[in-house]
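J.: Below is the structure I would like to discuss, written out as structure tokens.
Since every read-out is calculated from the coordinates, none of them should be taken as a lab result. All values derive from a computational prediction rather than experimental measurement. Neighbour counts run over all protein chains shown; Cβ positions are idealised from the backbone, glycine included.
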Amino acid sequence: MNKKMKVPNIKNIQMSERAKKFFMFLSLVCLGTGVLAENSIEELLHTIEKTNDFSKKTKLENNGFSTIYSRNDLDMMQVRYLSDILKYTIDGYRISRYSLPDPLSFGPIPFASSMVRIFIDDQEVTTAMYGSGMMIVGDLDLGFADHIELYNLSSSFEYSSEPTSLLVRIFSKKADADGGGSIQTLVTSRGGSTQNVQYIGRENGIDYMSRISSSYDKRKEYETSKEDLNRDVKRYNLLTSIHDETQSVLINASKANKGAWIGPSADASLDNAKISSEDAHIGYTKTVENWKFSLAYDGLKDEVLYEDSPLFYYKGTPVNKLESKAQSSALTTELKYNTTLGNHHLITGVKYRQKWVEFGTVKMNGVSIPQNEHTRQAVGSFFLEDSYLIADNLVATLGIQTSHVDNNEGYKSENIQMLRAGITYTNDAWTSKSFFFHTEGYIEPYLIDSFFMKTAYPKKMILDSFAQEFKYEEGASLYEFFISYGWIDNTPYVDETLRVNSADGITQHLNASLQYTYHYNTINKVLLSYRYKRIDHSGYDVVYENHQIVLRNQNRYGKFDFFEEMFITHSKYYDYTGYDLTLGLRYNVNDNFILSLKGQNLLGKGEKQYFSRFDFSTMTPLKSLGIPVQERQIVLGFEWLF
């Protein structure tokens, strides 16, 4: 970026009626121009790029229930964080009470999305303490991503062999399309900003990418009975990816400082709340013919501080201050074999993960409390998957996995199993996928003998589910229908003691969606979908119902990319309807300079998530605190390519 160029300060931008009318006008203009746009040489090149990308990175329909966001999608939608696309998934996107990215968030547990798996360039980024890399990658700037694949429920063991509710596969930009350097700056109307510098190249057949980024995600504060509650996130990140045709190295390291939101405070009115953390991933993979070997180290160090009067009660004593320092690390190795024997496509392998967890300090009211002796967890797994080609367009799949989980110091060790069975049919127009899943989740180290939990070692959650998907494609139109029904045993819930317990009975989970996509030329498309979710929760003895309608349009006209989107969400339980309008404009000034402007939740009436509160002075529940899932803000961006 030219050193003389000054980034305007839009901290004080307000969403006036004039601004709203401008974005509404912009929406109508882009809808009109998209219909009139003609195929150009540029679009043809993007088509070739997209086709090559899919041929290399996407798998057969039989590999899972997937949604793929191409490079064009990410650019037009101006995707910054995973929240920008996870909101389209079955479970949507949420943050926890501790301001951590946590789609499955509930109750006082700091992190509940242990079965959300995150991969960057085919290497899993995880944490020993919490079992998932979502809390790390969830608020990481994604400017390095070329395309992203999402898989609902368990995917093929070729991708992940662990208990999975959602699999996220992020693939970085490559030298053939993005060789060279770039500098990007983003500023938001709330005073936040992001700066990143990256360089992508190729030497002697080896591709490499190195990226440094600094982001300050400044979020709206919400006042309860005391202070404003801070959810801001400052993150500094280094990402390096090096690979050739047979091997790869990935290094990812971050340092973050966060406002820790409401944390364990029962009434959500804290005096102080902070989280600081450092994390690192170093991984190596090597492929030799049909064999693939991987070795990875993941480390996390974090410190937390909460102050309130009181935060909560522990064994009858009011806790006004909670401090902890912890560090954890995981060493993972996997050997996988992939081959074809006649009509059988076989994937088999073994995986071993060793976890170390250490709490250096845990204090309540300034006094160190006794810590449990659990410091190690080891998980060893064997898996086998057979995809049998019944006919050229008909495949049957059966996958089984068994794991042994070993905890030290006499804590319970157990065996867990997974099963994936299904059949996939395709022809020129139709695709049908029917799958049954049996998934058993194990208890992550941070929940073992934790004061959040009712028991020292909670029961493992067991999920059985059936899912069906139909796709029909005719010309430029694509019709999709998806439905899944799940039975969950030992569902966690918050009981009357404000501790997390395992519910008796079975929790039932129904999801259904109907979606229509029309590609009105090579790159551009409009999408309309309806989604329904129903959870009959055995722990709370209540039914949660959500209805959602999504309208999305993205198109390119000349040097301009336009993006318009409306989410309408109705929660029957909370009796609330949200309207989330997002508009975006991206201007490719020339081959070396890009301007972008995006406004999200422009009406300030988007979907909300709710946090329960309790008043210890009166021993009565308070009104739940509701905050929007998507922050209301405008983002202005500049990118210089060299």
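J.: From the Cα gyration tensor of the range 106-159, with a ≥ b ≥ c the square roots of its eigenvalues, which class applies: rounded if a/c is under 1.5, or else prolate if a/b is larger than b/c, or else oblate?
T.: oblate
J.: Right, here's the next one. So what is the diffusion coefficient of the range 43-641 in µm² per second by Stokes-Einstein at 10 °C and 1.306 mPa s, using a Kirkwood Rh over Cα pairs?
T.: Roughly 63 µm²/s, to the nearest whole number.
J.: Here is a further query. Would you mind computing Rg(Cα) / (2.2 N^0.38 Å) for the range 244-315, counting N as its residues?
T.: So the range 244-315 has a normalised radius of gyration of 1.81.
J.: From the cross-link list K258/K533; K220/K623; K301/K321; K174/K355; K220/K363; K87/K572, which pairs have alpha carbons spaced over 24 Å apart?
T.: K258/K533; K174/K355; K220/K363
J.: If r is the Cβ-Cβ distance from N415 to Y479 and R0 is 30 Å, what FRET efficiency results, to the nearest 0.05?
T.: Efficiency at R0 = 30 Å is approximately 0.10.
J.: Cross-link partners among aspartates and glutamates for K292, C-alpha distance below 15 Å, same-chain residues fewer than 8 apart left out?
T.: Partners within reach: D121, D122, E124, E158, D244, E245, E334.
J.: Also: State the volume of the convex hull built on the alpha-carbon positions of the range 425-529, expressed per residue in Å³ and rounded to an integer.
T.: Taking only Cα atoms, the range 425-529 has a hull volume of 152 Å³ per residue.
J.: Between A175 and S214, 0.36 nm times their residue separation minus their Cα-Cα distance comes to what?
T.: Additional length available on full extension: 11.7 nm.
J.: Which shape class applies to the range 513-568: rounded if a/c is under 1.5, otherwise prolate when a/b exceeds b/c and oblate if not, where a ≥ b ≥ c are the square roots of the Cα gyration tensor eigenvalues?
T.: prolate
J.: Now, a different point. Cβ neighbours within 10 Å, averaged per peptide: list 337-345, 546-554, 163-171 in order, most packed at the top.
T.: Listed from highest to lowest mean packing, they are 163-171, 546-554, 337-345.
J.: Ok, one more. As an exercise, take the mean of 1/r over every pair of distinct alpha carbons in the range 172-277, invert it, and state the Kirkwood radius in angstroms.
T.: When all Cα pairs of the range 172-277 are included, the Kirkwood radius is 16.3 Å.
J.: Run the Debye formula on the Cα coordinates of the range 332-401, all scatterers equal and no solvent, and tell me log10 I(q)/I(0) at q = 0.15, 0.17, 0.25 1/Å.
T.: Computed log10 I(q)/I(0) values: -0.66, -0.74, -1.05.
J.: To the nearest 20 Debye, how big is the dipole of the chain about its Cα centre, given +1 on the beta carbon of each Lys and Arg and -1 on that of each Asp and Glu?
T.: That gives the chain a dipole magnitude of about 1660 debye.
J.: Which shape class applies to the range 202-345: rounded if a/c is under 1.5, otherwise prolate when a/b exceeds b/c and oblate if not, where a ≥ b ≥ c are the square roots of the Cα gyration tensor eigenvalues?
T.: prolate
J.: Determine which aspartates and glutamates satisfy two conditions relative to K460: a Cα distance under 16 Å, and not lying fewer than 8 residues away in the same chain.
T.: Leaving aside aspartates and glutamates fewer than 8 places away in the same chain, those within reach of K460 are E162, D406, E414, E440, E444, D449, D489, D504.
J.: Please report the relative contact order for the range 43-641, taking Cα pairs under 8 Å with a sequence separation of at least 6, and give it as a percent rounded to a whole number.
T.: RCO, the range 43-641: 9 percent.
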